[in-house]
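Working notes, beginning with the structure itself.
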Amino acid sequence: MEFTARLTANAEVKNLANERTVINFTVAKNDYYKPKGSSEGKQVTEFIQCAYWLNSKVAERLTKGALVEISGRIGVNAWVTSQGEARANLTCHVNKLTVHGSGKPKEENTSTSTSGSKATNGSGKKDEEDLPF
């Protein structure tokens, strides 16, 4: 399956005992459809937990909000909680990963001045939280 989505948080790199490295991250994929007989459309957001094994260097570009194109094998993890509730989540074993847009930097240098102006991220631009959209 191939899809485009945005990261919900910064990716995590895990070094395993057998000297392999995996990058774990979660993406949110939006889908829009109009139910038959309805004049209003519906938007559904799917959250997919991803694992990428091929190149750990890409992890520094996998930051919250980054737009990525993913191709891989989709699966489902299902379980029953201790309260007897059925739970499940979608997973993707990523075969191909392309980063199309960047998210927030992993480390932000914020500074405030005594003049009461908004904090900047070190590049002279206002923080993304201050943007109206």
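Looking only at residues of the stretch 24-36 that are closer than 15 Å to TYR52 by Cα and not polar (S, T, N, Q), we find that the one that is surrounded by the fewest Cβ atoms within 10 Å (Cβ to Cβ) is VAL27. When residues in the stretch 2-23 are screened for being open to solvent by less than 50 Å² (accessible area, probe 1.4 Å) and assigned to a strand (DSSP E or B), 6 of them pass. Just one of SER39, SER71 is open to solvent by 40 Å² or more (accessible area, probe 1.4 Å) and either on the phi < 0 side of the Ramachandran plot or charged (D, E, K, R) (or both); which is it? Within the list SER39, SER71, the selection yields SER39. Which numbered condition in (1) touching a Gly at 6+ places or on another chain (Cβ under 7 Å); (2) closer than 18 Å to GLY101 by Cα; (3) part of a strand (DSSP E or B) is the only one that TYR32 fails? Every condition holds for TYR32 apart from (2). Does any residue of the stretch 54-68 turn out to be assigned to a loop (DSSP other than H, G, I, E, B), open to solvent by 60 Å² or more (accessible area, probe 1.4 Å), of a type in the set (Lys, Arg) and touching a strand residue (DSSP E or B) at 6+ places or on another chain (Cβ under 6 Å)? Yes, because at least one residue in the stretch 54-68 is assigned to a loop (DSSP other than H, G, I, E, B), open to solvent by 60 Å² or more (accessible area, probe 1.4 Å), of a type in the set (Lys, Arg) and touching a strand residue (DSSP E or B) at 6+ places or on another chain (Cβ under 6 Å).
Tell me, please, whether a residue that is modelled with pLDDT under 95, of a type in the set (Asp, Glu) and out of contact with any helix residue (DSSP H, G or I) (no Cβ under 9 Å at 6 or more places or on another chain) can be found in the stretch 64-79. No, the stretch 64-79 has no match at all.
Go through LYS57, LYS104, LYS42 for me and flag whichever is under 12 Å from the mean Cα position of the chain (by Cα) and at pLDDT below 95. First the steps, then the outcome.
Working: LYS57 fails: under 12 Å from the mean Cα position of the chain (by Cα); LYS42 fails: under 12 Å from the mean Cα position of the chain (by Cα).
Of LYS57, LYS104, LYS42, the one residue that is under 12 Å from the mean Cα position of the chain (by Cα) and at pLDDT below 95 is LYS104.
Would you mind stating whether GLN49 is in a strand (DSSP E or B) and open to solvent by 100 Å² or more (accessible area, probe 1.4 Å)? In short, no.
The values are calculated or read from the model by the stated rules, or taken from the named source; none is laboratory data. Just so you know, these numbers come straight off a predicted model, no measurement behind them. Ideal geometry is used to build each Cβ from the backbone, glycine not excepted, and the neighbour counts take in all protein chains shown. Just the protein is used for accessible areas: all its heavy atoms, side chains included, with ligands, DNA and RNA removed. Shrake-Rupley method; radii C 1.70, N 1.55, O 1.52, S 1.80 Å.
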